[in-house]
1. Between ARG10 and GLU37, what length in nm is gained on full extension when 0.36 nm per residue of separation is reduced by their alpha carbon distance?
2. Tally Lys/Arg at +1 and Asp/Glu at -1 over every other residue whose Cβ is under 10 Å from the Cβ of ALA54; what's the total?
3. May I ask for the angle, rounded to the nearest 10°, between helix 33-46 and the longest principal axis of the chain, with both axes built from Cα atoms and the value confined to 0 to 90°?
4. Taking the chain as the reference, fit the longest principal axis to its C-alpha atoms, fit the long axis of helix 127-141 to the helix C-alpha atoms, and give the angle between the two in degrees, 0 to 90, nearest 10.
5. Sort 108-114, 12-18, 58-64 by packing, meaning the average of other beta carbons within 10 Å per residue, with the highest value first.
6. Accessible area per residue for region 6-112 in Å², computed with a 1.4 Å probe and the full protein assembly in place, what is it?
7. How large is the dipole of region 3-142 about the Cα centre if only Lys and Arg carry +1 and Asp and Glu carry -1, each at its Cβ, rounded to the nearest 20 debye?
8. Just to confirm the filter: which trypsin sites (Lys or Arg not before Pro) across region 11-50 are DSSP coil and have at most 12 other Cβ within 10 angstrom of their Cβ?
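The values are calculated or read from the model by the stated rules, or taken from the named source; none is laboratory data. Nothing here was measured: the structure is a model prediction, and the numbers come from that model. Here the Cβ is made from the backbone with ideal geometry for all residues, glycine too, and neighbour counts use every protein chain on show. Areas reflect the complete protein model, heavy atoms only, side chains present, ligands, DNA and RNA absent. Shrake-Rupley method; radii C 1.70, N 1.55, O 1.52, S 1.80 Å.
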Amino acid sequence: MMAQRDYILRLIEEMGAVLIALRNAILRGGAPPGEVENTLRRATSAAGMELELARAVAVESLTDMVAPGGEVEPARCWVLAEALMTDGADLMQRGEGEMARSSLSRAAVLFELVAPWGARLTGFPEARERIEEIEGMLDRIG
């Protein structure tokens, strides 16, 4: 059981790193839209979640997605937050402000959930840093 948990955590850490690299590419203007969507779906799927659902559900329902038993699963929550933040960055770069705002706002809600104890993922910035980045992006959207 422990080996399976370690494997899942490694997979989630890997997906988080992929999302960070993808977002950096988007912000530099070098990520093809098809690649963005495929990577976002792959990452959320690896964390056991659906990107489309995360984009569509009411913000309050996001908590249920990352805390099915009532307790937040920090790693899954972090990956979903990273995916939504990356989605928002992509939408922002493509001039789709309202959709970008929606994804970024959802990402901020999820980062708030993991902020008290951090994601416990090696090499990842703190949730508070992410929330500040998101606030800056939302300011740029206007």
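1. Details: separation 27, 0.36 × 27 = 9.72 nm, distance 2.20 nm.
Length difference between fully extended and current span is 7.5 nm.
2. Details: positive: ARG55, ARG106; negative: GLU50, GLU52, ASP87.
Result for the neighbourhood of ALA54: -1.
3. That helix lies at roughly 20 degrees to the long axis.
4. Result, in degrees: 20.
5. On the way: 108-114: 22.3, 12-18: 19.6, 58-64: 12.7.
My ranking of the peptides, most packed first, is 108-114, 12-18, 58-64.
6. Details: 4760 Å² over 107 residues.
Result: 44 Å² per residue.
7. On the way: 15 positive and 23 negative charges, 54 e Å.
The dipole of region 3-142 has a size of about 260 debye.
8. Counting only loop positions with at most 12 other Cβ atoms within 10 Å, the trypsin sites (Lys or Arg not before Pro) in region 11-50 are ARG28.
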